[in-house]
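Just below is one structure, and these are the notes that go with it.
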Ligand code: PAF
């Protein structure tokens, strides 16, 4: 991958990169289209597919994470992707199985709350693998989805802090027609879970409406979201947070332009969503 990337760069081609864990859907494909727009028809678009073990806790769904490489390839081919990078565990984490791998990248401020509080080892795995993928693919631009807002903020911070010479783009969340944010994990949902999972985007819409005219205490909105999620018996609220879009600092008073994020369990499947209010 590095040899190919260096050759492309020497030939003056721009490299656009979309890192994924596979089981691709239209949300990923819209990131690919964004990368293509940015590097142009003569540029190179690379998609990586790697289910990164270090961002899953032992209790999480690593072994069950959905995979369908054949379909992923077909989607990439259909979208004009130039290269799919499929690294092995041995390449990404040399010696890990024998306990020798010992270097990680950790962002220490933006990753403490929300997803970081619910999944304490998650972001260390994400920033580590993304840094490593950047070193392999050597992109000029990398495109991430806004659905993982906190992830995108941490990656942007890491890119600045570690002087990676590339631009980070955060592209809008793609949604199903009923508002559910597209996610590979939606594949786990039963029919009942699926019908009730719209509560995430509905909660965001309700909060947006609530702060349209005047600001509202965050504590009040948190209670309202908890009540709303309880109307869906299959759902269990993990967290809801209101914060500043850029700094991710929690706000005590929510107003237009504040950001919110929430996570809701449906059985063992945990869905996340976020939006600017
Ligand atoms: O968002 C994802 O799919 C993953 O967290 C990423 C960025 C590909 C790192 O494994």
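Just so it is clear, none of the values below were taken in a lab; they were calculated from the coordinates. Owing to the predicted nature of the structure, the values given are computational and were not obtained by experimental measurement. Note that we place each Cβ from the backbone using ideal geometry, even for glycine, and neighbour counts take in every protein chain shown.
Condition (residue is under 16 Å from the mean Cα position of the chain (by Cα), surrounded by fewer than 18 Cβ atoms within 10 Å (Cβ to Cβ) and within 13 Å of the ligand (Cβ to nearest atom)) applied to the stretch 1-19: is it met by at least one residue?
Within the stretch 1-19, not a single residue is under 16 Å from the mean Cα position of the chain (by Cα), surrounded by fewer than 18 Cβ atoms within 10 Å (Cβ to Cβ) and within 13 Å of the ligand (Cβ to nearest atom).
Residue 45 versus (1) touching a helix residue (DSSP H, G or I) at 6+ places or on another chain (Cβ under 9 Å); (2) within 13 Å of the ligand (Cβ to nearest atom): which is the lone unmet condition?
(2)
What's the number of the only condition in (1) without any contact (Cβ under 8 Å) to a residue 40 or more places away in the chain; (2) closer than 18 Å to residue 267 by Cα; (3) within 14 Å of the ligand (Cβ to nearest atom) that residue 198 fails to meet?
So residue 198 meets the others, but not (3).
Identify all residues within the stretch 200-258 that are under 19 Å from the mean Cα position of the chain (by Cα), buried (at least 19 other Cβ atoms within 10 Å of the Cβ) and in a loop (DSSP other than H, G, I, E, B); write none if there are none.
248
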